[in-house]
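A.B. asks: Sharing a structure, written as structure tokens. Questions coming.
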Amino acid sequence: MELVPALSRFYETIEKDSRINSTHISLYMALLRHCNINGGKNPFPIERSVIMRYAKINARYTYSKCINNLKDFGYVQYKPSTNAVNSSTIYLIDL
């Protein structure tokens, strides 16, 4: 995934989307960073604690709410892990 166009498309898209707030933006930027760290692979595994640290989100409830919002709003496909051993998987949708 080429990050600069993805970032530009994200900002162009959210400009028209009144549902998106600063926490959603921070979380999406953290996901983009993690995608970049993983060599631009899409989908890629994520760990909640790492993404929360990148996004400066302190509460699990806020993280869960925002990542599920991004999924429901069509920005990501999110497959949460069913156990603590496996990572969750995220796919950044091409906007």
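A.B. asks: Normalised by the number of residues in the chain, what is the relative contact order in percent for Cα pairs under 8 Å and 6+ residues apart?
C.D. replies: 30 percent.
A.B. asks: Looking at M52, L31, A84, which one has the Cα that reaches farthest to the positive end of the dipole of the chain (charges on Cβ: Lys, Arg +1; Asp, Glu -1)?
C.D. replies: A84
A.B. asks: What order do you get for 23-36, 62-75 when each peptide is scored by the mean count of other beta carbon atoms within 10 Å, highest first? Mind showing how you got there, number by number?
C.D. replies: Working: 23-36: 18.4, 62-75: 16.8.
By packing density, highest mean first, the sequence is 23-36, 62-75.
A.B. asks: Dipole of region 3-92, Cα-centred, from +1 at each Lys and Arg C-beta and -1 at each Asp and Glu C-beta, to the nearest 20 debye? Can you show the working numbers first?
C.D. replies: On the way: 12 positive and 5 negative charges, 43 e Å.
Charge dipole of region 3-92: 200 debye, to the nearest 20.
A.B. asks: Taking N as the number of residues in the chain, what is its alpha-carbon radius of gyration divided by 2.2 N^0.38 Å?
C.D. replies: Details: Rg = 12.4 Å, N = 95, 2.2 N^0.38 = 12.4 Å.
Working it through for the chain, the quotient is 1.00.
A.B. asks: Check every DSSP H run in the chain and write down those whose alpha carbon atoms cover 24 angstrom or more along the long axis and whose mean Kyte-Doolittle hydropathy is 0.5 or greater. The partial results should precede the final answer.
C.D. replies: Numbers: long enough: none.
Correct list, ordered by number: empty.
Values quoted throughout were computed directly from the atomic coordinates according to the rules given, and no laboratory measurement underlies them. Every value quoted in this text rests on a predicted model; they were computed, and no experiment measured them. Positions of Cβ are generated from backbone atoms using ideal geometry, with glycine treated the same way; all protein chains shown enter the neighbour counts.
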